[in-house]
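Visitor: Dropping a structure here in structure tokens format, bear with me for questions.
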Amino acid sequence: MPTALLSQLYPDHLATLQQRASVALLRGGFDHLLIAAGQPHYQFLDDLPYPFQVNPHFKHWLPVTKAPGSWLVITPGQKPKLIYLQPHDYWHVVPEAPAGYWVEHFDIVIVREAREAAAHLPAQVGRCAIIGEDSATVGTHRPNNPEVVLNHLHWHRAWKTDYELAMMRVASHLGARAHRAAETAFRGGASEYAIQMAYLAAARETENELPYNNIVCLNEHGAVLHYTNLERNPPVHSHAFLIDAGASFHGYACDITRTYAGTGAEEFRALVDAVDHAQRDFCSQVRPGKSYPELHLHAHLVLAGILRDQGFVRMSAESAVESGVSRVFFPHGLGHYIGLQVHDIGGFQASEDGGTLPKPDGHPYLRLTRMLDAGQVMTIEPGIYFIDLLLAELKQRPEASDIHWEKVDAFRKYGGVRIEDDVACTAGEPENLTRDAFMALN
């Protein structure tokens, strides 16, 4: 992405965050917002650190994701301050000096030891809203994570600035490019591990830099929703390939899933095509004022119709939904917010004051229950799976007589289908970040 565009978009993004912070502080009775980047965590009885993950509130303000021990100080009416830890260290790579389109917007202080940050933080600790984990404590400044402040910030984080959308478009492009490489590896007969390696090479990111652990499934492994084992040897026959994998750009994530039928698996390809067609329609319904739970329930009805039309169930789509049979084949939610985090915060929040919007009865895994609005970005990821555990439970229910078990059993070797796009709600037609990214590769 051209730096000139980021430079152009960033000031408005920063102004938006400053306005949100000012209101949040006023509501909480604080004068300053302090945000800790975070600290490395070490494995039990070892000196081996876990991969560092920056506080999402920190990377919301600036594209810095690898500066543990750093702090942000936001005081309404003043220029934001960045206290940047750049240690004297010959054991590890030291963070580079701050540079880029964003630095002119901050007062920057360089410190060499984490404890030195305390001298540059506001002295009146009681007037500070401090966001971070307990391990980020420095001096007398301990994160207090005031709920009233977090509620306001989390609620409004659902609306992305133009700068954030630009970041997410780049992440989508990186992800789409890597997905293409993964599909090519699959078509060439590669193992799950080899497909993962092809993905990483095309994304040009390490596993620790990805926004989540990739799900790379051949055949029946597609029925394990969060499968991450990565078999080293390819199967004798690659009937199906499901990959749920993302990429990151300056801390912003994409989340993409595609499913492919292997050579000769025409019956499975028909199911993939049907789910893909339905998914495109669900994406087109991402509009302001749309209830996401209602869209989720609508997806169940449509997917139940596919199960009926393709001969998996004999009951009507309505009966499959009402009886819960559709949840056997589609047991997860339709999607979630995405942005600074893959499962971005605030999906259940009732208002900027907090509260929780309930999930529909019988749908415990739905991750978004809010009304949609222009500027929000979410995933749309319907699926149909053949999960042994859930099918075994279904066989013990009265509805078992309405299942075409011979056909269901024949599809167990394929695992399942999931198609996922990241979609931005706009005032008009939704923007499909994922499909646009794939089209740009053609």
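Residue-wise test of (1) at pLDDT below 95; (2) more than 13 Å from Phe186 (Cα to Cα); (3) touching a strand residue (DSSP E or B) at 6+ places or on another chain (Cβ under 8 Å).
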position: Ala202; (1), (2), (3): no, yes, no
position: Glu207; (1), (2), (3): no, yes, no
position: Leu218; (1), (2), (3): no, no, yes
position: Thr228; (1), (2), (3): no, yes, yes
position: Ile243; (1), (2), (3): no, no, yes
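Visitor: Quick check on this structure: which one of Val73, Val54 is of a type outside the set (S, T, N, Q), crowded, with 16+ Cβ neighbours inside 10 Å and either in a strand (DSSP E or B) or in contact with a Phe, Trp or Tyr (Cβ under 8 Å, 6 or more places away or on another chain) (or both)?
Guide: Values: Val54 fails: either in a strand (DSSP E or B) or in contact with a Phe, Trp or Tyr (Cβ under 8 Å, 6 or more places away or on another chain) (or both).
One residue alone meets the criteria, Val73.
Visitor: Take the residues in the range 19-51 that are charged (D, E, K, R) and assigned to a loop (DSSP other than H, G, I, E, B), then tell me which one is nearest to Glu352 (Cα to Cα).
Guide: The initial filter retains those residues of the range 19-51 that are charged (D, E, K, R), namely 20, 27, 31, 46-47.
Keeping just the survivors that are assigned to a loop (DSSP other than H, G, I, E, B) gives 31, 46-47.
On the way: Asp31: 19, Asp46: 42, Asp47: 41 Å.
Looking at the filtered set, the residue picked out is Asp31.
Visitor: Still on this structure, please answer the following. Of all residues in the range 80-95, which are open to solvent by less than 40 Å² (accessible area, probe 1.4 Å) and either under 18 Å from Tyr163 (Cβ atoms) or hydrophobic (A, V, I, L, M, F, W, C) (or both)? Explain how you work it out, then say what you get.
Guide: Step one: of the range 80-95, the residues open to solvent by less than 40 Å² (accessible area, probe 1.4 Å) are 80, 82-87, 95.
If the condition is that a residue be open to solvent by less than 40 Å² (accessible area, probe 1.4 Å) and either under 18 Å from Tyr163 (Cβ atoms) or hydrophobic (A, V, I, L, M, F, W, C) (or both), then Pro80, Leu82, Ile83, Leu85 are the ones that fit.
Visitor: Also, quick follow-up: How many residues are in contact (Cβ under 8 Å) with a residue 12 or more places away in the chain, in a loop (DSSP other than H, G, I, E, B) and farther than 30 Å from Arg287 by Cβ if we restrict to the range 374-396?
Guide: Step one: of the range 374-396, the residues in contact (Cβ under 8 Å) with a residue 12 or more places away in the chain are 374-388, 390-391, 393-394.
From what's left, in a loop (DSSP other than H, G, I, E, B): 374-376, 381-382, 386-387.
Checking which are farther than 30 Å from Arg287 by Cβ leaves us with 386-387.
Adding up the residues that qualify gives 2.
Visitor: Also, quick follow-up: Can you tell me which residues in the range 251-270 are open to solvent by 40 Å² or more (accessible area, probe 1.4 Å) and in a helix (DSSP H, G or I)?
Guide: Of the residues in the range 251-270, the ones open to solvent by 40 Å² or more (accessible area, probe 1.4 Å) are 263-264, 266-267, 269-270.
Within the range 251-270, Glu266, Glu267, Arg269, Ala270 meet the criteria.
Visitor: How about the range 188-197: which of its residues are open to solvent by 10 Å² or more (accessible area, probe 1.4 Å) and either in contact with a Ser or Thr (Cβ under 7 Å, 6 or more places away or on another chain) or of a type in the set (Val, Ile, Thr) (or both)?
Guide: Once the filter is applied, which keeps residues that are open to solvent by 10 Å² or more (accessible area, probe 1.4 Å) and either in contact with a Ser or Thr (Cβ under 7 Å, 6 or more places away or on another chain) or of a type in the set (Val, Ile, Thr) (or both), the range 188-197 yields only Gly189.
Visitor: List every residue pair whose Cβ atoms sit under 6 Å apart, with the two residues 6 or more apart in sequence or on different chains, where the first one lies in the range 193-205 and is over 14 Å from Ser248 (Cβ atoms) and the second, anywhere, is surrounded by fewer than 17 Cβ atoms within 10 Å (Cβ to Cβ) and charged (D, E, K, R).
Guide: Filtered contacts from the range 193-205: Tyr193/Arg232.
Residues are listed down the side, and each one gets a yes or a no for (1) closer than 30 Å to Leu62 by Cβ; (2) at pLDDT below 95; (3) open to solvent by 70 Å² or more (accessible area, probe 1.4 Å):
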residue	(1), (2), (3)
Asn214	yes, no, no
Ser238	no, no, no
Phe249	yes, no, no
Arg280	no, no, yes
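Visitor: Tell me which of these Ile110 doesn't satisfy, since it passes every other one: (1) open to solvent by 30 Å² or more (accessible area, probe 1.4 Å); (2) under 22 Å from Gly29 (Cα atoms); (3) of a type in the set (A, V, I, L, M); (4) in a strand (DSSP E or B).
Guide: (2)
Visitor: Sticking with this structure for a sec: Among the residues of the range 19-51, which ones are surrounded by 13 or more Cβ atoms within 10 Å (Cβ to Cβ) and over 29 Å from Tyr212 (Cα atoms)? Show your work before the answer.
Guide: Of the range 19-51, the ones surrounded by 13 or more Cβ atoms within 10 Å (Cβ to Cβ) are 20-28, 30-41, 49.
Within the range 19-51, Ser22, Val23, Ala24, Leu25, Leu26, Arg27, Gly28, Phe30, Asp31, His32 qualify.
Visitor: Restricting attention to the range 291-323, which residues are among the small types (Gly, Ala, Ser), in a helix (DSSP H, G or I) and open to solvent by 30 Å² or more (accessible area, probe 1.4 Å)?
Guide: Step one: list which residues in the range 291-323 are among the small types (Gly, Ala, Ser), which gives 291, 299, 304-305, 311, 316-317, 319-320, 323.
Right, trim to in a helix (DSSP H, G or I) and you get 299, 304-305, 317, 319-320, 323.
Those that are among the small types (Gly, Ala, Ser), in a helix (DSSP H, G or I) and open to solvent by 30 Å² or more (accessible area, probe 1.4 Å): Ser319, Ser323.
Visitor: Determine the pairs where a residue that is polar (S, T, N, Q), located within the range 49-62, has a partner that is modelled with pLDDT of 95 or more and open to solvent by 30 Å² or more (accessible area, probe 1.4 Å) with Cβ atoms under 8 Å apart, the partner being 6 or more residues away or on another chain.
Guide: The qualifying pairs are Asn55/Glu133.
Visitor: What about Tyr163, is it in contact with a helix residue (DSSP H, G or I) (Cβ under 8 Å, 6 or more places away or on another chain), open to solvent by less than 70 Å² (accessible area, probe 1.4 Å) and part of a loop (DSSP other than H, G, I, E, B)?
Guide: Here the answer is no, as Tyr163 does not meet what is asked.
Visitor: If only one of Pro98, Pro143 is surrounded by fewer than 19 Cβ atoms within 10 Å (Cβ to Cβ) and in a loop (DSSP other than H, G, I, E, B), which one is it?
Guide: Working: Pro143 fails: surrounded by fewer than 19 Cβ atoms within 10 Å (Cβ to Cβ).
The conditions single out Pro98.
Visitor: Something else: Which one of the conditions (1) of a type outside the set (Phe, Trp, Tyr); (2) farther than 16 Å from Val328 by Cα; (3) open to solvent by less than 40 Å² (accessible area, probe 1.4 Å); (4) in contact (Cβ under 8 Å) with a residue 24 or more places away in the chain does His363 fail to meet, given that it meets all the rest?
Guide: Going through the list (1) of a type outside the set (Phe, Trp, Tyr); (2) farther than 16 Å from Val328 by Cα; (3) open to solvent by less than 40 Å² (accessible area, probe 1.4 Å); (4) in contact (Cβ under 8 Å) with a residue 24 or more places away in the chain, His363 breaks only (2).
Visitor: Could you tell me which of the residues Ala171, Ala185, Ala176 is over 21 Å from the mean Cα position of the chain (by Cα), surrounded by 18 or more Cβ atoms within 10 Å (Cβ to Cβ) and assigned to a helix (DSSP H, G or I)?
Guide: Being over 21 Å from the mean Cα position of the chain (by Cα), surrounded by 18 or more Cβ atoms within 10 Å (Cβ to Cβ) and assigned to a helix (DSSP H, G or I) holds for just one of Ala171, Ala185, Ala176, which is Ala185.
Visitor: Could you list, in sequence order, all residues of the range 353-373 that are in a strand (DSSP E or B) and polar (S, T, N, Q)?
Guide: Our first condition is that a residue be in a strand (DSSP E or B); within the range 353-373, this holds for 354-356, 371.
Thr356 - this is the single residue of the range 353-373 that is in a strand (DSSP E or B) and polar (S, T, N, Q).
Each row is one residue, and each column tells you yes or no for (1) touching a helix residue (DSSP H, G or I) at 6+ places or on another chain (Cβ under 8 Å); (2) open to solvent by 60 Å² or more (accessible area, probe 1.4 Å); (3) under 26 Å from Ala158 (Cα atoms); (4) not acidic (Asp, Glu).
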site: His343; (1), (2), (3), (4): no, yes, yes, yes
site: Asp353; (1), (2), (3), (4): yes, yes, yes, no
site: Lys359; (1), (2), (3), (4): yes, yes, yes, yes
site: Leu368; (1), (2), (3), (4): yes, no, yes, yes
site: Leu390; (1), (2), (3), (4): yes, no, no, yes
site: Gly416; (1), (2), (3), (4): yes, no, no, yes
site: Thr434; (1), (2), (3), (4): yes, no, yes, yes
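The values are calculated or read from the model by the stated rules, or taken from the named source; none is laboratory data. Keep in mind the model is a prediction, meaning the values are calculated, not measured. No Cβ is skipped: glycine too gets one built from the backbone with ideal geometry, and neighbour counts run over all protein chains shown. The area values use the complete protein model at the heavy-atom level, side chains included, leaving out ligands, DNA and RNA. Shrake-Rupley method; radii C 1.70, N 1.55, O 1.52, S 1.80 Å.
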